[in-house]
Amino acid sequence: IHVSESLGEDVEFAFSTTVTLAMLIAAGALTPGVDKLSCKCSDNTHNAELLQDGRIRYLEMTFDSPSAFSVYCKRIYNPTRRADDGWGSVTYDGVTLKDIKTK
């Protein structure tokens, strides 16, 4: 948000807003499709489908978030793994979701 009238200059306020895959699709930053998303774990790459509603389909499972998908993939190799930052681990056409989200 830019405020310029009362301050006489542009001041940018940062708000903590949750960004979802569905929001990025709606904004045109992502396009749904097969093998659009991937998560690399232990030299193995797991490709997934990005659905129109922002969910992720991998094999016969559907995940509601990048973190749910990435922690599932990483638990294949490390069953005690408790959490993962999916935005940093999952890529869309080779670019991390974190990088896409912050643009």
Report summary line: Listed by first then second residue, the pairs whose first member lies in the stretch 27-43 and is charged (D, E, K, R), whose partner is loosely packed, with under 15 Cβ neighbours inside 10 Å and outside any loop (DSSP other than H, G, I, E, B), with beta carbons under 8 Å and at least 6 positions apart or on separate chains, are ASP35/ASN47
Report summary line: Residues in the stretch 67-100 that are open to solvent by 40 Å² or more (accessible area, probe 1.4 Å), among the β-branched types (Val, Ile, Thr) and either closer than 15 Å to HIS46 by Cα or part of a helix (DSSP H, G or I) (or both) total 2
Query - Within the stretch 44-66, considering residues that are touching an Asp or Glu at 6+ places or on another chain (Cβ under 8 Å) and open to solvent by less than 30 Å² (accessible area, probe 1.4 Å), the one farthest from PRO32 (Cα to Cα) - result: TYR58
Requested in this report: Could you identify the single residue in GLY54, GLY33 that is modelled with pLDDT of 95 or more and either more than 15 Å from TYR92 (Cα to Cα) or more than 13 Å from the chain's Cα centre (by Cα) (or both)?
Outcome: GLY33
Report task. Take VAL19 and decide whether it is at pLDDT below 95, open to solvent by less than 50 Å² (accessible area, probe 1.4 Å) and more than 11 Å from the chain's Cα centre (by Cα). Result -> no
Requested in this report: Sort out which residues of the stretch 65-100 are of a type in the set (D, E, K, R) and out of contact with any Lys or Arg (no Cβ under 6 Å at 6 or more places or on another chain), and write them in order of number.
Outcome: ARG82, ASP85, ASP93, LYS98, ASP99
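The values are calculated or read from the model by the stated rules, or taken from the named source; none is laboratory data. These numbers were taken from a predicted model, which means no experiment stands behind them. Glycine also receives a Cβ, built like all others from the backbone with ideal geometry; neighbour counts cover every protein chain displayed. Only protein heavy atoms, including side chains, enter the accessible area calculation; ligands, DNA and RNA are left aside. Shrake-Rupley method; radii C 1.70, N 1.55, O 1.52, S 1.80 Å.
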